[in-house]
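Report on the following structure.
FYI, it's all coordinate maths here, none of it is from the lab. Source: prediction; values computed, not measured. Heads up, the Cβs are rebuilt from the backbone with ideal geometry, glycines too, and the neighbour counts pull from every protein chain shown.
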Amino acid sequence: MEEIISIKNVVKRFPVGDGFFTALQDINLEFKKGEFAGLVGPSGSGKTTLLNIIGSLDTPTEGEAIVIGKDISKLSHQQSADLRNHNVGFIFQEYHLLPVYTVYENVEFALLLQNIGAAERKKAVMEALDWVGLTHKKDSKPDKLSGGESQRVAVARAIVKRPAILLADEPSANLDAENAHNIMKVMKKLNEELDTTFIFSTHDEKVMQYLDRIVHLKDGRIEKDEMMKAKYGVHGAH
Ligand SMILES: Nc1ncnc2c1ncn2[C@@H]1O[C@H](COP(=O)(O)OP(=O)(O)OP(=O)(O)O)[C@@H](O)[C@H]1O
Ligand SMILES: [Mg+2]
């Protein structure tokens, strides 16, 4: 399978007071297209920092992060925005929905930055809502949705652009068990049917049981990189 993310000797330091804090150290990792993988580790172990680098929201202090053939450190502001607009979607713990817009508009909003005609846009939005099972809520405002529904809108908003990579930072943190399972099933289905590469950050056992691969982080280093026999889904080993 094709390599889609390559992290080589990455170090990330944040300035703190007069010195710095090393959040990531000696990170070497590759992800192939279609992986369903997670970063797991204690709070402060560097999961979000690494996801932010992969999503080109941040750059490494040292080393190289190549995402879909692009060296994150060498992208201009515009190029990194383009990468996120076209190829990398984010799903966060908080849903970040726009409260004054409907479900439909929240999903459509993701496409307005792209040069897509109205008819094609509508088709894409309706398809994304169908994927997450929320067609019937398309005219609702976010404050009328449950947590699980809100997170499904966030997933629809992320997938409507058909990104090659989806990064999900603790997507189940605010969900009950049933909704956590539902959202993981939707994402696993997307992974299998569209071959979208998923990387999660999580502490949640309910999320972990769906993953094909778990990269364990501790104190900013990779402690273990484990291929799982996923309980769900068609991919097992890679
Ligand atoms: N902008 C920043 N400035 C200084 N330190 C930071 C910054 N961002 C993160 N850190 C530190 O880097 C470490 C890793 O943070 P990160 O957010 O990646 O952890 P995490 O594994 O995602 O934790 P959690 O499970 O709590 O979300 C933490 O100790 C954090 O305090
Ligand atoms: Mg985090």
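Residue by residue through the stretch 122-138, note down the ones that are part of a helix (DSSP H, G or I) and among the basic types (Lys, Arg). Selection gives Lys122, Lys123, Lys137.
Of all residues in the stretch 42-57 being near ligand 2 (Cβ under 9 Å from one of its atoms) and in a loop (DSSP other than H, G, I, E, B), which is nearest to the chain's Cα centre (by Cα)? Only one residue tops the list, namely Gly46.
Any residue at all in the stretch 120-137 that's free of Cβ contacts under 8 Å to residues at least 60 places away in the same chain, farther than 13 Å from Phe90 by Cβ and either aromatic (Phe, Trp, Tyr) or within 16 Å of ligand 1 (Cβ to nearest atom) (or both)?
yes
Sub-7 Å Cβ pairs linking a first residue in the stretch 179-207 that is within 21 Å of Lys47 (Cα to Cα) and hydroxyl-bearing (Ser, Thr, Tyr) to a second residue that is in a helix (DSSP H, G or I) and more than 16 Å from ligand 2 (Cβ to nearest atom), at least 6 apart or interchain, are Thr196/Leu190, ordered by first then second residue. Can you tell me which residue is farthest from ligand 1 (Cβ to nearest atom) among those in the stretch 39-65 that are buried (at least 18 other Cβ atoms within 10 Å of the Cβ) and of a type in the set (A, V, I, L, M, F, W, C)? Once the filter is applied, the top-ranked residue is Ala65. For the stretch 61-87, a residue qualifies if it is in contact with a helix residue (DSSP H, G or I) (Cβ under 9 Å, 6 or more places away or on another chain), under 14 Å from Ile165 (Cβ atoms) and not charged (D, E, K, R), and the qualifying residues are Ala65, Ile66, Val67, Ile68, Ile72, Ser80, Leu83, Asn85.
Condition test on Lys74, is it out of contact with any Leu (no Cβ under 6 Å at 6 or more places or on another chain), more than 30 Å from Arg152 (Cα to Cα), more than 12 Å from ligand 1 (Cβ to nearest atom) and not aliphatic (A, V, I, L, M)?
Judged against the criteria, Lys74 is a match.
From the list Phe36, Phe90, the lone residue that is under 14 Å from the mean Cα position of the chain (by Cα), among the aromatic types (Phe, Trp, Tyr), within 12 Å of Leu167 (Cβ to Cβ) and surrounded by 14 or more Cβ atoms within 10 Å (Cβ to Cβ) is Phe90.
Looking at Phe31, Phe14, which one is aromatic (Phe, Trp, Tyr), more than 23 Å from Asp82 (Cβ to Cβ) and either part of a strand (DSSP E or B) or touching a Pro at 6+ places or on another chain (Cβ under 7 Å) (or both)?
The match here is Phe14.
Residues of the stretch 5-22 that are in contact (Cβ under 8 Å) with a residue 24 or more places away in the chain, farther than 17 Å from Asp219 by Cα and either touching a Ser or Thr at 6+ places or on another chain (Cβ under 9 Å) or of a type in the set (Asp, Glu) (or both): Ile5 alone. Would you pick out the residues in the stretch 98-136 that are surrounded by 13 or more Cβ atoms within 10 Å (Cβ to Cβ) and of a type in the set (Gly, Ala, Ser)? Within the stretch 98-136, Ala110, Ala124, Ala128, Gly133 qualify. Within the stretch 6-30, the set of residues being within 16 Å of Val67 (Cα to Cα) and crowded, with 22+ Cβ neighbours inside 10 Å comprises Ile7, Val10, Ile27. Of the numbered criteria (1) over 17 Å from the mean Cα position of the chain (by Cα); (2) within 22 Å of Lys189 (Cα to Cα); (3) within 16 Å of ligand 1 (Cβ to nearest atom), the one Glu2 fails is (3).
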